[in-house]
Structures are given as C-alpha cells and as structure tokens.
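Asker: Mind having a look at this structure? Questions to follow.
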Amino acid sequence: MSEHGAAPPATQQPESDPPVGGLGARLMRRKPVERLVAEGGQGEGGSLRRSMGVWQLTMISIGATLGTGIFVVLGEAVPDAGPAVVVSFVIAGLTALFSALSYAELAGTIPVSGSSYSYAYATMGELIAWICGWCLILEYGVSVAAVAVGWGEYLNELLDGAFGVTIPDALAAPPGDGGVFNLPGLLVVLLAMAFLLGGARESARANAIMVGVKIAALILFCAVAFTGIRAGNYTPFMPLGMAGVSAAGATLFFSYIGFDAASTAGEEARNPQRDLPRAIMLSLVVVTALYCLVAAVAVGALPWQRFSGTEAALASIMKDVTGQGFWAVLLAAGAVVAIASVVLTVLYGQTRILFAMSRDGLVPKVFSTVHAGTGVPRANTLIVSLFCGVLAAAVPLGQLADATSIGTLFAFALVNIAVIVLRRTRPAMPRTFRVPLSPLFPLIGFALCLWMMSSLQPVTWVVFGGWMAVGLVLYFAYGLRRSRLATAEK
C-alpha cells in the first residue's frame, strides 16, 4: 500500500509498456497507471507537497470557473434566450456535467498533476497525450492572458467609479487595441506569480479568500437586484423559442470551462482518490446554482430587450435598481477580485501540466525542477508567468483568445474517450468514483464536445490547426527522442 492509494488486486496485473517497434508503436506507447502514480509529486531536485484537502481543491475549481463568465456573459446570452436564459444555463451545465463525470472518475483513478494529458498518456498513447497537453497549454496559457486583459478593464471601471480616475489608454491596452502596453494585465499576472511562488498551501489559501469575496459579491447582487424584480419581465418566458435557448446555451458553456482545474492538483492533494472527484462535482454544482440564481434575478430586474450590447450587465442593473453608483462600484470591486482569482488558479494549472510533461521528458526538465524549500516548481512558475504577462501586456489577443475554447473542448472529448478505454483495458482497477451508465454517458459527453466545437467560427479552427502544427513539429523534433518511455525501452 502506498500513500497514493490502494495497490491493484493481486489478480490484476499492471499493464506493461508496449514493445519496441516502428514509428507507429513508438507514437502509441502508453505510460502504465502504476508508473504515473508512483512518480507522483517527484520532480528534479525535490517533490511537490501534499497539503490540500477537498475544501482547497473545490476552491481551485470554483476559482478557475467563476469569473469573467457571469460578469459579462449575460449581455451576450440574454438577447438570444430572453428570460429563459436560466434554462440555457442549466443546459450548459448539463453539457459540462457529462465531461465532469469522466474527469471525476479519472482524477480518482490516476491522481497526478497532468490532468487530461496524463489520462491520455495512460490510455491512448504518447502522441495523443502530447496533443492533449498541447491543447491544455493553449487553454491555460492564452486564457490567463485574455483574463488578465479583462481584469484591467474592470480595474479601470472600479477606479473611475470610486475615485474618478482611470489608467491612460496607452497603459491600459495592448498595441492594436488602442494602447501601447497593458500594465494592469502584466501586474495581475505578476501578483498571481508571487502567490504561487509562496507555496501551494499559501496560494490555495489566498484563492479561497478571493473565491469567498466573489461569491459574496454575487449574493450581494442578488439581494439588491431582487428588490427591483418585476413579474412582467419574465413574460414571454421564451420569446425566441427553443432555438434561442439552445444558441444561448452554446455561448454559456464556456462559462463552465475551468471546473477541471482541481485535477491539475492531483499530486498536492492529501487524499486525491477521495477528494478530487468530490471537488470536481461539488464545484460544478456550486457554480451552476450561482449562475442560475444570478441570471433569474437579473432578467427579473431588467427587461431582456435592454441587455443587448451590455457588457457590464450586472453593474448596470445595480445602478438602475438603486439609483446610486455605489453598488455598481462595489460590484466592480468584486469583479476585480473574481478575475484575479481566475488568473491565479489557471496559472497554477498551467505550471502543473508542464511539470508533468517535463517529468515525462516531453518538454525541458527545467519545468519539473522543484525548489526544496517551498516545494514549488519555481523556474516553471517564473517562465510561465513572465510569458503570460508579456502576452497580456503586449499582444492584442483578438480571435486567438477564442482558440482557448476549442483547445478545451478537444481535451474534454479525449477525457471522455479515456474513461471508456481504461474501463476496457483495466476493468478491475480500483475506482473511488465511477461514471454511471458507462459507456453511454462518456459517449454523450464526447458527442456534446464535438457539437460545441462544430459551432465555433472557421477562423478559430484555422488558429487551432496552426497551433497543432507547431505542436507536432516540437514533438517530433524534441519530445519523441527525449521521452522517458523511449529511454526506458533502450
């Protein structure tokens, strides 16, 4: 029995590395689950520390999910669905649920840092794992920069409302977006970096505080806006029919991206087999409940026709209901904290995915070097933070930010397939959580991910294709030859 969980039953033989063969066999070589778990937490020069319980893990997932979505997405979704946007949130939540069930099973079975990258490595082989990891780098890295840019906008709104001052455009936006250098975007990334360098426990504590603040801000919105609800605003409930509700649901799905963040903390959880599935499912329930509550109050307090073109919908509603700017300023403060929490947790996830890929030899070993004093991959954190900070400060993201969605959905789709494969290849492996009605539910999750991907703009597919091409070049030029599995076979 190891600290990582129960050993396989005696009748269940650990799977072995595939035999050495041609290029195809090398691309499909799998990393045994036992080896993944045995290596958990170990890096170059030190190891990650198991310091987080179910509460901290849940806060990581909520922190990565509950952010820009609820503060800006209503202005985009309500014109499609009308008051039935609440139903759209439920539909989007159910869509996310199928993939969340698959994540919960694999996180409890393979409790390591790499999230879907590691799950793919154990089930579908090295090439698919690399593609999945490359998608996650796109999802986490670019989304950190995109969210950091949004943080600067909310900071300006807060400063304007509270003090009547704003950061000059030249220092508040990147080139191409009307500015020269996005200073706030860089600052929030550096702030998150400082927390992460302090250690996983310390950054988890800071994140829990920030999550508490943003939940309080949303509950405050509901309490204040509730006084402005008019029954007539709910009729007609579905003015644009079910087609509008479905269209809004597709838009709102991206508000749920991030619930998988807890799975990147598999090697820093005290009891990962038990706590990771609980954290993933609990975070999805909390986020869905908050989204539906906020949406129901918002459309009751403001006629749905007036949401069109409104980015800061919640702040506008607070101002309309109370007739005072104070509440809008308070909500802007909550948004600033909310988005900072997203930057912190997503940056954390990015560093842990690169940690796992580095330990496998697919990216340079500097990313898996752990500082003995703090138990933090310090060089990894510095490199990723500086890269994302410069990206946020100096690059107009535009359509590139949309590519985070397709990268996420691709990774989600692979996780649903990984559950089915592992059930077939390792049926007797101990599982602390099992997806009900498998393989039906994972197949539904897979199909829903493909459907969501098909609804994205053609330019997003072009960007995604370019990113994949670069990733494959790097894999064949570096990862294929330096893979730890490759050296073990020689």
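The values are calculated or read from the model by the stated rules, or taken from the named source; none is laboratory data. Please read all numbers here as calculations on a predicted model, not as lab measurements. Cβ placement follows ideal geometry from the backbone for every residue including glycine, while neighbour counts extend to all protein chains displayed.
Asker: Do we have any residue at all in the stretch 19-26 that's modelled with pLDDT under 75, surrounded by 19 or more Cβ atoms within 10 Å (Cβ to Cβ) and over 26 Å from Thr404 (Cα atoms)?
Answerer: no
Asker: Hey, another quick one. Could you identify the single residue in Ala216, Ala204, Ala208 that is assigned to a helix (DSSP H, G or I), in contact (Cβ under 8 Å) with a residue 60 or more places away in the chain and over 20 Å from the mean Cα position of the chain (by Cα)?
Answerer: Ala216
Asker: Give the stretch 333-369 a look and list any residue that's aliphatic (A, V, I, L, M), modelled with pLDDT of 90 or more, part of a helix (DSSP H, G or I) and farther than 23 Å from Ile257 by Cβ, or say none.
Answerer: Val366 - this is the single residue of the stretch 333-369 that is aliphatic (A, V, I, L, M), modelled with pLDDT of 90 or more, part of a helix (DSSP H, G or I) and farther than 23 Å from Ile257 by Cβ.
Asker: Quick one: in the stretch 406-463, which of the residues that are charged (D, E, K, R) and part of a helix (DSSP H, G or I) is nearest to Phe98 (Cα to Cα)?
Answerer: Residue satisfying both the conditions and the ranking: Arg423.
Asker: Restricted to the stretch 153-185, and to residues that are in a helix (DSSP H, G or I) and touching a residue at least 60 places away in the same chain (Cβ under 8 Å), which residue is surrounded by the fewest Cβ atoms within 10 Å (Cβ to Cβ)?
Answerer: Ala162
Asker: Going by what's in this entry, would Ala328 be described as at pLDDT 90 or above, assigned to a helix (DSSP H, G or I), small (Gly, Ala, Ser) and under 23 Å from Val342 (Cβ atoms)?
Answerer: Taking the combined requirement at face value, the residue does not satisfy it.
Asker: Looking at the stretch 370-385, which of its residues are at pLDDT below 90 and either in a helix (DSSP H, G or I) or among the charged types (D, E, K, R) (or both)?
Answerer: none
Asker: Let me ask another. Quick one: which residue in Pro239, Pro277 is over 19 Å from Gly53 (Cβ atoms), in contact (Cβ under 8 Å) with a residue 40 or more places away in the chain and in contact with a Phe, Trp or Tyr (Cβ under 8 Å, 6 or more places away or on another chain)?
Answerer: Pro239
Asker: Same structure again: Could you look through the stretch 289-298, keep only residues that are crowded, with 21+ Cβ neighbours inside 10 Å and touching a Phe, Trp or Tyr at 6+ places or on another chain (Cβ under 7 Å), and pick out the one that is nearest to Ile60 (Cα to Cα)?
Answerer: Taking the candidates together, the pick is Tyr291.
Asker: Pick from Glu105, Glu139: which is surrounded by 24 or more Cβ atoms within 10 Å (Cβ to Cβ), at pLDDT 90 or above and either in a loop (DSSP other than H, G, I, E, B) or within 22 Å of the chain's Cα centre (by Cα) (or both)?
Answerer: Glu105
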